[in-house]
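Contents: one structure, followed by commentary.
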Amino acid sequence: MLNFEVKDATRILSVARSLNTYKAPFSIVERYRLIDNGIEPEATVQIEADGRYIHEAANGAGPVDALASVLKKALLPLFPFLENVALIDYRAEIIDAKLGTATSVMVTIVFSDGVEVWKGYSSHENINLASFHVLVDGMEYAIHRHNQKQG
């Protein structure tokens, strides 16, 4: 029987972000941009970290894949160890089906760097925005985890 712990990155980061001493390793400038033509979605993002601004664009197999690709692409120059981070599970659950297309969706993504496994989650009426919030949590957790092991 396999036995491993899936860390709750969203909860850990929520607690950390509530502290006056917390400093995020990067921030998103404005918001992502997503163009989905139904064939090859493209996402763009601008991040700020350590006084550097990085603007990137990437395509993906779908809108969430494009968002994951662009976020990782933007962060890799500053945090090359993120190359080892992979999304290993993606789930989207409808909160209240009676609301139809106006319902909130709970997105959960499980990440791994080959050593540890962690998850993030977020809900929103916009599945892409919920997914992006989870992707940010997953990468931010990976950076803190790496820095903690180094320090």
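The values are calculated or read from the model by the stated rules, or taken from the named source; none is laboratory data. The model shown is predicted, which means the values in this text are computed figures rather than measured ones. Backbone-built Cβ (ideal geometry, glycine too); neighbour counts: all protein chains shown. Remember, those area values only see protein heavy atoms, side chains included, never the ligands or the DNA or RNA. Shrake-Rupley method; radii C 1.70, N 1.55, O 1.52, S 1.80 Å.
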Those residues of region 67-99 that are part of a strand (DSSP E or B), at pLDDT below 95 and not aliphatic (A, V, I, L, M) come to a total of 1
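Residues checked against (1) open to solvent by 60 Å² or more (accessible area, probe 1.4 Å); (2) at positive phi; (3) basic (Lys, Arg):
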residue	(1), (2), (3)
TYR90	yes, no, no
ILE94	yes, no, no
THR103	no, no, no
ASP113	no, no, no
LYS119	yes, no, yes
ASN126	yes, no, no
ALA130	no, no, no
VAL136	no, no, no
GLU140	no, no, no
For region 50-66, how many residues meet the condition of being over 17 Å from ILE109 (Cβ atoms), not in a loop (DSSP other than H, G, I, E, B) and not aliphatic (A, V, I, L, M)?
5
Let me spell it out: the conditions are (1) surrounded by 19 or more Cβ atoms within 10 Å (Cβ to Cβ); (2) under 23 Å from LYS149 (Cα atoms), and LEU76 meets all of them except one. Which number is the exception?
(1)
Residue pairs, Cβ under 7 Å, 6 or more apart or interchain, first in region 127-148 and modelled with pLDDT of 95 or more, second among the small types (Gly, Ala, Ser) and open to solvent by 50 Å² or more (accessible area, probe 1.4 Å). List them.
ALA130/SER123
Residue check, ASN20 against (1) within 24 Å of ARG145 (Cβ to Cβ); (2) in contact with a strand residue (DSSP E or B) (Cβ under 7 Å, 6 or more places away or on another chain), all met but one. Which one?
(2)
